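Enquirer: The structure under discussion is supplied below as structure tokens; questions concerning it will follow.
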Amino acid sequence: MIESRFAAPDAPSGDGALARIVFGATSGRPVIEDGVPTLHLRMTDDAREGFAEIWRSAGPVRSGAFNDLVFAHDDAFLFCAGYIPSSGRYTEATRKAYADAFALVGELNFPKIFRMWNFIPHINGENGEGLEVYRDFCRGRAVAFEQDYAHASGMPAATGIGTWGNGVGFYFLACREGAVRHIENSRQTPAYEYPQRYGPKSPSFARGTLLGDTLFVSGTASILGHETMHEGDLERQWSVAISNIAHLIGADNLGAQGVDGGYTLRDLDQIKVYYRHAADLPAVTKLAQAAFHPDASIRYLQVDICRADLLVEMEGIALHRRSD
Ligand code: 3EB
């Protein structure tokens, strides 16, 4: 059992926390604070003071460092975070950071990575060779997956999104031999099969990953097949993105992949809504409040999104909500 919650940025992590990610005004290398891996990500949001995402498992927890990574684990789950300093070229440093991550999960025997997050500065800018920074990042990540993770359990659910920080901050969760299943969305081309026009190497992630009866939903945007829909139209992009999530987690899509049962949008929690333009916050807030359960935790982050034509993207965790 592993779970996350959103809290005030300075709220105590409590005993046995696995990790703390602070979405706020600063960013930098992850560190271990009071035994808890802590990653600061510079992300503006509505409240301005930001928030912390705290991960907790059954404990007891051991933490440590491995090359540039920090990690913590109990008997069942591993959390790991890293940082790639800003640079004119990300491919090689990303490959190395991911190779280190894959070596760590091998060494500590948590071979099944089930959720990853990547926060990329100047994500739509050009690197030193005129390649979009996101595509540069994707190239290094893809090479690491090909070289160092092919034997393992496939590409997990992920988020790849902008940050106002200087370097790439990333974190991920892994487990031992538990029931991990990566899920695709029949409305969308698998990201790892996107055609070359989106970059020299495709993005390495699944649309969702099921861990027991928890479904981790990847960052999801207004993409059908592999094409962006409704350039410049926030409401229509929201509608495609939310329909993509509803379909991903629904019984039809899961059933076609051999998974029994399904979820609805009302089962989603720990939701992050990423929006490109600060002026769109009132609109995305309204759309999100109408779509999700009133008790769901939702946070809004104003950042750039991996395709220059995307205005909104969201992610969450689906778990059957008790009807009381
Ligand atoms: C997309 O569907 C939108 O590069 O890790 C969503 C989730 C997106 C994860 C990633 C990118 C990533 O292609 C972008």
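The values are calculated or read from the model by the stated rules, or taken from the named source; none is laboratory data. Since this is a predicted model, take the numbers as computed values, not measurements. Because the Cβ atoms are built from the backbone with ideal geometry, glycine has one as well, and the counts that use them run over all protein chains shown. Just the protein is used for accessible areas: all its heavy atoms, side chains included, with ligands, DNA and RNA removed. Shrake-Rupley method; radii C 1.70, N 1.55, O 1.52, S 1.80 Å.
Enquirer: Filter segment 262-294 down to the residues that are in contact (Cβ under 8 Å) with a residue 12 or more places away in the chain and in a loop (DSSP other than H, G, I, E, B) and list them by number. Don't jump to the end; show me each part of the working.
Expert: Within segment 262-294, the subset in contact (Cβ under 8 Å) with a residue 12 or more places away in the chain is 262-278, 280-281, 283-285, 287-288, 291-293.
Correct list: G262, Y263, T264, R276, H277, F292, H293.
Enquirer: Name every residue in segment 87-107 that is touching a Pro at 6+ places or on another chain (Cβ under 8 Å) and surrounded by fewer than 16 Cβ atoms within 10 Å (Cβ to Cβ), in order of residue number. Reasoning before the result, please.
Expert: If we filter segment 87-107 for residues that are touching a Pro at 6+ places or on another chain (Cβ under 8 Å), which is where we start, we get 93, 105.
Result: no residue meets the conditions.
Enquirer: Give the residues of segment 295-324 that are away from the ligand (no atom under 14 Å from the Cβ) and in a loop (DSSP other than H, G, I, E, B), sorted by residue number.
Expert: If the condition is that a residue be away from the ligand (no atom under 14 Å from the Cβ) and in a loop (DSSP other than H, G, I, E, B), then D295, A296, S297, L319, H320, R321, R322, S323, D324 are the ones that fit.
Enquirer: Follow-up question, since we're still on this one. Evaluate the following for S4: is it open to solvent by 10 Å² or more (accessible area, probe 1.4 Å), in contact with a Ser or Thr (Cβ under 8 Å, 6 or more places away or on another chain) and at pLDDT 90 or above? Talk me through it step by step, then tell me what you get.
Expert: Details: open to solvent by 10 Å² or more (accessible area, probe 1.4 Å): yes; in contact with a Ser or Thr (Cβ under 8 Å, 6 or more places away or on another chain): no; at pLDDT 90 or above: yes.
So S4 does not fit the description; no.
Enquirer: Right, next: Being over 24 Å from T214 (Cα atoms), touching a Leu at 6+ places or on another chain (Cβ under 8 Å) and buried (at least 17 other Cβ atoms within 10 Å of the Cβ), is that true of even one residue in segment 10-24? Full working, then the answer.
Expert: Looking only at segment 10-24, we keep the residues that are over 24 Å from T214 (Cα atoms), and these are 10-12, 24.
Then keep just the ones that are touching a Leu at 6+ places or on another chain (Cβ under 8 Å); that gives 24.
Narrowing further to those that are buried (at least 17 other Cβ atoms within 10 Å of the Cβ): 24.
So far as segment 10-24 goes, yes, one or more of its residues are over 24 Å from T214 (Cα atoms), touching a Leu at 6+ places or on another chain (Cβ under 8 Å) and buried (at least 17 other Cβ atoms within 10 Å of the Cβ).
Enquirer: Check whether at least one residue in segment 221-233 is within 16 Å of the chain's Cα centre (by Cα) and in contact (Cβ under 8 Å) with a residue 12 or more places away in the chain, and report yes or no. Give the steps one after another, and end with the answer.
Expert: Our first condition is that a residue be within 16 Å of the chain's Cα centre (by Cα); within segment 221-233, this holds for 221.
With the extra rule that they be in contact (Cβ under 8 Å) with a residue 12 or more places away in the chain, the set shrinks to 221.
Yes, the conditions are met somewhere in segment 221-233.
Enquirer: Got a number for residues in segment 239-269 being under 16 Å from R321 (Cα atoms), surrounded by fewer than 18 Cβ atoms within 10 Å (Cβ to Cβ), touching a strand residue (DSSP E or B) at 6+ places or on another chain (Cβ under 9 Å) and not polar (S, T, N, Q)?
Expert: Count: 0.
Enquirer: Can I ask one more? Kindly state which strands (runs of 3 or more DSSP E) lie completely within segment 12-102 and contain at least 2 residues that are within 14 Å of A174 (Cα to Cα). Talk me through it step by step, then tell me what you get.
Expert: Details: elements: 17-24, 31-33, 36-42, 51-56, 62-66, 69-73, 77-84.
Passing ranges, in order: 17-24, 51-56, 69-73, 77-84.
Enquirer: A follow-up question, please. Just one of the numbered conditions (1) touching a residue at least 60 places away in the same chain (Cβ under 8 Å); (2) assigned to a helix (DSSP H, G or I); (3) more than 19 Å from the chain's Cα centre (by Cα) is not true of N109; which one?
Expert: (2)
Enquirer: Inspect segment 245-264 for any residue being among the small types (G, A, S), within 15 Å of the ligand (Cβ to nearest atom) and on the phi < 0 side of the Ramachandran plot and give the result as yes or no.
Expert: Looking only at segment 245-264, we keep the residues that are among the small types (G, A, S), and these are 246, 250-251, 255-256, 258, 261-262.
Narrowing the set further to residues that are within 15 Å of the ligand (Cβ to nearest atom) leaves none.
Checked against the condition, which is being among the small types (G, A, S), within 15 Å of the ligand (Cβ to nearest atom) and on the phi < 0 side of the Ramachandran plot, segment 245-264 yields no hits at all.
Enquirer: Same structure again: So in segment 183-220, with the set limited to residues that are open to solvent by 20 Å² or more (accessible area, probe 1.4 Å), more than 13 Å from the ligand (Cβ to nearest atom) and under 18 Å from the mean Cα position of the chain (by Cα), which one is farthest from E313 (Cα to Cα)?
Expert: Applying the filter and picking the extreme gives L211.
Enquirer: Go through segment 118-159 and give me each residue that's away from the ligand (no atom under 12 Å from the Cβ), in a loop (DSSP other than H, G, I, E, B) and in contact with a strand residue (DSSP E or B) (Cβ under 6 Å, 6 or more places away or on another chain).
Expert: Those that are away from the ligand (no atom under 12 Å from the Cβ), in a loop (DSSP other than H, G, I, E, B) and in contact with a strand residue (DSSP E or B) (Cβ under 6 Å, 6 or more places away or on another chain): S153, G154.
Enquirer: Look at H277 and say whether it is open to solvent by 70 Å² or more (accessible area, probe 1.4 Å) and touching a Gly at 6+ places or on another chain (Cβ under 9 Å).
Expert: Details: open to solvent by 70 Å² or more (accessible area, probe 1.4 Å): yes; touching a Gly at 6+ places or on another chain (Cβ under 9 Å): no.
Criteria not met by H277.
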